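Remarks on the structure that follows.
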Amino acid sequence: MSLRSLIEDQMRQVAAEQQKRLAPLSDELVLLDSGLDSLCFAIVVARLEDELGEDPFATSEDIDFPITFGDFVRFYDRVAA
Amino acid sequence: MTASPPEAAGPAPSLKDRIAAALVSGAASALIGAERSVTLSGLADGWFLSSPASEVAGRCVLVRTRSPLAAALALTSLDGIAGRLILCPPDLDATQLAQAAATAGADLMVGDVEDDEGPSGLAHHRIAFEPIRGGPDGVAGAPATEWALFTSGTSGAPKMVAHTLQGLTGAIGQPGAVASAPPPVWATFYDIRRYGGLQMLLRALTGGVSLLLTDAREPPAGFLGRMRDHGVTHLAGTPSHWRRALMSPALAELSPRYLRLSGEIADQAVLDSLRARFPQAAIGHAYASTEAGVGFEVTDGLAGFPAAYLERDDGTVAMRVVDGTLQLRSARTARGYLGADAPPLGDADGWVDTGDLVERRGERFHFLGRRSGVINVGGLKISPEEVEAVINACPGVRMSRVVGRASPLLGALVAAEVVLTDAAGDPAGARGLIMAHCRATLPPHKTPASIRFVEALKVGAAGKLERRLA
């Protein structure tokens, strides 16, 4: 499974669990407009850490937080590379 | 730091007196909510309660509001008039409200919601957004109104601590103040009905400056847009609030002069991210608790605090570390918990045990988390035992342990380790069952973010589950 579809799956699952309506995931989607709240994001990041063994929010030297869904995928892409 | 007048020098000035004293003539400072605003001069002059001041003088008043601005109107009207005011946080449920009313000896309730009846038998008065007749002229109020605040507690009956306006405002200085700079415009991500947000409210009111308020109903992007429109210069929130703001494109449109973090551990990553985003701004992280008051502020951009703070004595706050836990002794400490059976807040010498674990690394102390194992999810504190009790009630569960799992976005998340009665059982089915049960019983932040099945959990010599930060 690609990194992108793994992230999409996690976002869909957490949105369903937390009863949030997830916006269609495009590169340009601003994360804060995705329908997920900060708790949802924290859970997505924790579960991705379980899956990937990586948490770029905790380990990245990059201190620019991702703003769009595309940024988010690239954020993970860089640590996975 | 602004020195507090000594208590012996007669009755302390009321909040209204202090707003009036701070107002610069011609300045249009205001409290600005999402839906409406009230000027500080209006606050200093007006009476905003449907009951005349003579009816609340000396009484014990519950302040329970939907809008934070209404709470500010009530607090300003009541200070110096009511004997005790009890500031209810927005998420207090009906049972907790009734318990609090009984513990505090409430005589009446003020609120901004028509159909909110509150505890039975308690008279209910409305908070108006326009000043109305019935002000305190000629009414003998209370010399020093007691302010009761809820601790950011975990479960069961909420605890309240009693403060005075003097103690609450004791730490308020003017950070990042430059004499020639225009007056600051503050905004706070905190709710002003909790200690951290109340600090921001009192800072603005006693400094005569504007403050933007928000509440859970306003989306973050909307609040950031209002900050841009009002030219916010000073901005305060928890590290979790800040991490969320850093993910918003709207943050780029702000140019704050001062950023403040408190309420959770400020780690180096969030401090560095803010420094990179706002190279010109002063950035401070403060340590405070509802019980102990504001302890100190760190302004060197580094996580933790200098070990030298332990030796310093500014006459107001002293600090020490006992068994790895931070203790504070301060003029800003609350008077005590409310309630007949309440434990003492501090020891005989006035030291308050904060319950926060610290570790010395070189010349600096770093925060490790809560000694009690309490999990702090974005500023909301969760008792592991409460969540364990819910999980343990699920069929097929033998026992569970709930721990904090470090989260770079919210500080911590709830993680559960579960032992099933039938080790050969179906973990996927059990996971679904446990999650469904937790979601039906607990608010979202208390529901485990992850569940791990284990064969056994270690029980210590005292027969208690061994707890540690995962």
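Here the stretch A:26-42 is the region considered, the condition is being in contact (Cβ under 8 Å) with a residue 40 or more places away in the chain and open to solvent by 40 Å² or more (accessible area, probe 1.4 Å), and the residue that is nearest to B:LEU251 (Cα to Cα) is A:GLU28. When the stretch B:268-284 is limited to residues that are open to solvent by 10 Å² or more (accessible area, probe 1.4 Å) and in contact (Cβ under 8 Å) with a residue 40 or more places away in the chain, the one that is nearest to the other protein chains (Cβ to nearest Cβ) turns out to be B:ALA269.
Return yes or no: is B:ILE127 of a type in the set (A, V, I, L, M, F, W, C), modelled with pLDDT under 90 and open to solvent by less than 30 Å² (accessible area, probe 1.4 Å)?
Details: of a type in the set (A, V, I, L, M, F, W, C): yes; modelled with pLDDT under 90: no; open to solvent by less than 30 Å² (accessible area, probe 1.4 Å): yes.
In short, no.
Take the conditions open to solvent by less than 60 Å² (accessible area, probe 1.4 Å) and touching a strand residue (DSSP E or B) at 6+ places or on another chain (Cβ under 6 Å) and apply them to A:ALA23. Does it pass?
Values: open to solvent by less than 60 Å² (accessible area, probe 1.4 Å): yes; touching a strand residue (DSSP E or B) at 6+ places or on another chain (Cβ under 6 Å): no.
Answer is no for this residue.
Is it the case that B:ASP215 is under 30 Å from B:GLY167 (Cβ atoms), surrounded by fewer than 22 Cβ atoms within 10 Å (Cβ to Cβ) and not hydrophobic (A, V, I, L, M, F, W, C)? Walk me through how you get there before you give the answer.
Numbers: under 30 Å from B:GLY167 (Cβ atoms): yes; surrounded by fewer than 22 Cβ atoms within 10 Å (Cβ to Cβ): yes; not hydrophobic (A, V, I, L, M, F, W, C): yes.
Here the answer is yes, as B:ASP215 does meet what is asked.
For the stretch B:414-433, which residues satisfy the criterion of being within 18 Å of B:SER383 (Cβ to Cβ) and away from every other protein chain (no Cβ under 14 Å)? Once the filter is applied, which keeps residues that are within 18 Å of B:SER383 (Cβ to Cβ) and away from every other protein chain (no Cβ under 14 Å), the stretch B:414-433 yields only B:VAL418.
Scan B:ASP107, B:ASP91, B:ASP112 and give me the residue that is over 17 Å from B:ILE132 (Cβ atoms), of a type in the set (Asp, Glu), touching a strand residue (DSSP E or B) at 6+ places or on another chain (Cβ under 8 Å) and surrounded by fewer than 23 Cβ atoms within 10 Å (Cβ to Cβ).
Numbers: B:ASP91 fails: touching a strand residue (DSSP E or B) at 6+ places or on another chain (Cβ under 8 Å); B:ASP112 fails: over 17 Å from B:ILE132 (Cβ atoms).
The conditions single out B:ASP107.
Residues of the stretch B:285-320 that are crowded, with 22+ Cβ neighbours inside 10 Å, assigned to a strand (DSSP E or B) and on the phi < 0 side of the Ramachandran plot: B:HIS285, B:TYR287, B:SER289, B:VAL294, B:GLY295, B:PHE305, B:VAL317, B:MET319. Restricting the stretch A:1-20 to residues that are within 14 Å of chain B (Cβ to nearest Cβ) and open to solvent by 60 Å² or more (accessible area, probe 1.4 Å) leaves a set whose member that is farthest from A:PHE75 (Cα to Cα) is A:GLN19. Test B:ARG84 against the criterion of being among the basic types (Lys, Arg) and in contact with a Ser or Thr (Cβ under 6 Å, 6 or more places away or on another chain), and give yes or no. Judged against the criteria, B:ARG84 is not a match.
Considering the conditions (1) within 14 Å of chain A (Cβ to nearest Cβ); (2) within 22 Å of the chain's Cα centre (by Cα); (3) more than 22 Å from B:ARG275 (Cβ to Cβ); (4) open to solvent by less than 30 Å² (accessible area, probe 1.4 Å), B:LEU205 is excluded by exactly one of them, (1). Would you point out the residue of the stretch B:218-262, among those that are over 15 Å from A:PHE41 (Cβ atoms), within 14 Å of chain A (Cβ to nearest Cβ) and among the small types (Gly, Ala, Ser), that is most open to solvent (accessible area, probe 1.4 Å)? Result: B:ALA252. A search for C-beta distances below 7 Å between a residue of the stretch B:388-413 that is free of Cβ contacts under 8 Å to residues at least 12 places away in the same chain and more than 9 Å from chain A (Cβ to nearest Cβ) and any residue that is surrounded by fewer than 18 Cβ atoms within 10 Å (Cβ to Cβ) and part of a strand (DSSP E or B), counting only pairs 6+ apart in sequence or on different chains, returns B:ASN392/B:MET399. Condition test on B:ALA334, is it within 30 Å of B:ARG243 (Cβ to Cβ) and in a loop (DSSP other than H, G, I, E, B)? In short, yes. Scanning the stretch A:22-60 for residues that are within 7 Å of chain B (Cβ to nearest Cβ) and among the polar types (S, T, N, Q) turns up just one, A:SER38. For the stretch B:21-70, which positions are more than 27 Å from B:PRO219 (Cα to Cα), part of a loop (DSSP other than H, G, I, E, B) and open to solvent by 60 Å² or more (accessible area, probe 1.4 Å)? Matches in the stretch B:21-70: B:VAL24, B:SER25, B:GLY26, B:SER50, B:ARG59.
The values are calculated or read from the model by the stated rules, or taken from the named source; none is laboratory data. Note that the structure is a prediction, hence the values are computed from the model and not measured. Cβ: placed from backbone, ideal geometry, glycine included. Neighbour counts: every protein chain shown. What goes into the accessible areas is simple: the full protein's heavy atoms, side chains included, and nothing from ligands, DNA or RNA. Shrake-Rupley method; radii C 1.70, N 1.55, O 1.52, S 1.80 Å.
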